[in-house]
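Everything on this sheet refers to the single structure shown next.
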Amino acid sequence: MPILDDYLRAVRRYLPKGPQQDDIIEEIAEHLVARLEDEAASLGRPLTEVEEEAVLTRHGSPMLVAERYGVAQRGFAFGRQLISLEVFPMYARVLTFQLPFTLLMLIVIGWTNKPHLFSLRGLLTPLVIQFVLTTTIFVAVDAFSRRSVRTSEMPSGWLWNFPPQRLQPIPRWQSLSGLIALGLAAAWWAALPFVPALVIGGAAQYLELTPAWSPFYWPVLLLLTVGIAQRATTLLRPEWNWLQPPTRVLTNGVALVLVALFLQSYPYLAPTPGALVAAAPFDAVRLSDDIWWHSGATFGLYSLSCLIFNLILSVQFVRSRARRRLEQIA
């Protein structure tokens, strides 16, 4: 019962660590297997995945079930609670994976390609930025998720960990926020060749973009357009939850290739012909280094993590569709 496994994994995330964790999960599993079998017997046929999910949702949210066994109260607060108890376990798991992985990749990238950028500040700055961005994203997602529950956009039993995404409609706030963010990114990228100050600020008075940017202009704009189209589609049809994972696998996979190619296109800035600023050559190198470093450390790692996450979701969707076909045949 894959849906039961999803539910038990969600409960486990809220249970206190210790030797009793497996015993508690085994106890819950035995009880729920009996309930699912009773429900199937009453219908005279095996339950579908959606029917199994309904039974498990009635049993209670994973956090509430875990609280019966003494779950530790965890959250993130600064004056007021920013990340709820429901979402905090996923937030902690993401940071636990993300920050060490990012540090490792920064060391490899910096040491093998740009040793002169390899410094404590060069390592800490992307990590701090990533921590702040991740926390901000989770705070926003948590706030919108609670709003979706209150407005009945999401089922009342829905929490971050259950039901699995293959059984959830895509919240309209998620599609709308993505639509706005990608729309702004597309507008920024489209204007960049005409307004270099968007990336280098006041240095645009004596520096210009090199031809390294040209091959990436239309591919990046196309990727952003595909992302906008996906968000617009799921905004209108939130039940098309199957559309999001493969679309993001495509866009993040291509983005990862583009980032790799972009890193090889260094340098990105050069002094404007006739520039009278003595520091122009130095600034061109310094800012090109910054662009190189942050392209790999920010966009590259973001695309890689999103690619892995959505590959996993895509596999789950494929398996779920295969199970449903077998259920229909049976």
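The values are calculated or read from the model by the stated rules, or taken from the named source; none is laboratory data. None of these values were measured; they are calculated from a predicted model. Using ideal geometry, Cβ is built from the backbone for each residue, glycine included, and neighbour counts are taken over all protein chains shown.
Working carefully through the options Ala204, Ala229, Ala297, find the one that is at pLDDT below 95, over 30 Å from Pro100 (Cβ atoms) and assigned by TED's automatic domain parsing to the domain that holds Pro100.
Ala204
Do you know which of the residues in the stretch 87-130 that are among the β-branched types (Val, Ile, Thr) and modelled with pLDDT under 70 is nearest to the chain's Cα centre (by Cα)?
It comes out as Ile109.
Looking only at the stretch 241-259, decide whether some residue is within 16 Å of Leu179 (Cα to Cα), under 23 Å from the mean Cα position of the chain (by Cα), among the hydrophobic types (A, V, I, L, M, F, W, C) and in the same structural domain as Ile180 (by TED's automatic domain parsing).
Yes, the stretch 241-259 contains a residue that is within 16 Å of Leu179 (Cα to Cα), under 23 Å from the mean Cα position of the chain (by Cα), among the hydrophobic types (A, V, I, L, M, F, W, C) and in the same structural domain as Ile180 (by TED's automatic domain parsing).
Give just the number: which of (1) buried (at least 17 other Cβ atoms within 10 Å of the Cβ); (2) modelled with pLDDT of 90 or more; (3) in contact with a helix residue (DSSP H, G or I) (Cβ under 7 Å, 6 or more places away or on another chain) does Asn241 not satisfy?
With (1) buried (at least 17 other Cβ atoms within 10 Å of the Cβ); (2) modelled with pLDDT of 90 or more; (3) in contact with a helix residue (DSSP H, G or I) (Cβ under 7 Å, 6 or more places away or on another chain) applied to Asn241, the lone miss is (2).
Have a look at Leu222, Leu236 and point out the one that is farther than 24 Å from Leu192 by Cα, modelled with pLDDT of 90 or more and out of contact with any Ser or Thr (no Cβ under 7 Å at 6 or more places or on another chain).
Being farther than 24 Å from Leu192 by Cα, modelled with pLDDT of 90 or more and out of contact with any Ser or Thr (no Cβ under 7 Å at 6 or more places or on another chain) holds for just one of Leu222, Leu236, which is Leu236.
Consider Val277 carefully, then state whether it is in a loop (DSSP other than H, G, I, E, B), modelled with pLDDT under 95 and either over 23 Å from Ile137 (Cα atoms) or out of contact with any His (no Cβ under 6 Å at 6 or more places or on another chain) (or both).
yes
Specify the residue that is surrounded by the fewest Cβ atoms within 10 Å (Cβ to Cβ); the eligible residues are those in the stretch 203-223 that are under 14 Å from Ala191 (Cα atoms) and within 21 Å of the chain's Cα centre (by Cα).
Across the stretch 203-223, the extreme among qualifying residues is Leu221.
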